[in-house]
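Notes follow the structure.
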Amino acid sequence: MNNKEFITDLASRTKLSSKEAASLASATVSAIIGELLEENSIFVPGFGTFEVKKKLERVLVNPTTKQKMLVPPKMTVNFKPNTSLKLRVKK
């Protein structure tokens, strides 16, 4: 499903116009991004949890040259699906 299909489906389910549905989707994504930038976790009932995790510094070895490289720490976004979502997808 691409963005246009998502907006059309959202509009039909909520009885909103396509423009209003696009605005709603955009506002939702912006709110989620804003919270993640502040390193807050977000729980969406029936869907799952988004959270920011810090990956620690680590050493990698290039298999061809055997050269060791240091990978700096970084922040990543992690999604953990809700148990009910996992069960619904399995069926």
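Inspect all residues belonging to the stretch 40-54 and state whether any of them is exposed (fewer than 11 other Cβ atoms within 10 Å of the Cβ) and either over 27 Å from R88 (Cα atoms) or among the hydroxyl-bearing types (S, T, Y) (or both).
Yes, the stretch 40-54 contains a residue that is exposed (fewer than 11 other Cβ atoms within 10 Å of the Cβ) and either over 27 Å from R88 (Cα atoms) or among the hydroxyl-bearing types (S, T, Y) (or both).
Among the residues of the stretch 62-91, those that are surrounded by 10 or more Cβ atoms within 10 Å (Cβ to Cβ) and farther than 29 Å from T28 by Cα comprise M69, V71.
The residue of the stretch 15-53 that is modelled with the highest pLDDT, among those that are charged (D, E, K, R) and in contact with an Asp or Glu (Cβ under 9 Å, 6 or more places away or on another chain), is E51.
The values are calculated or read from the model by the stated rules, or taken from the named source; none is laboratory data. Since the model is a prediction, treat every value here as computed from it, not as a measurement. Positions of Cβ are generated from backbone atoms using ideal geometry, with glycine treated the same way; all protein chains shown enter the neighbour counts.
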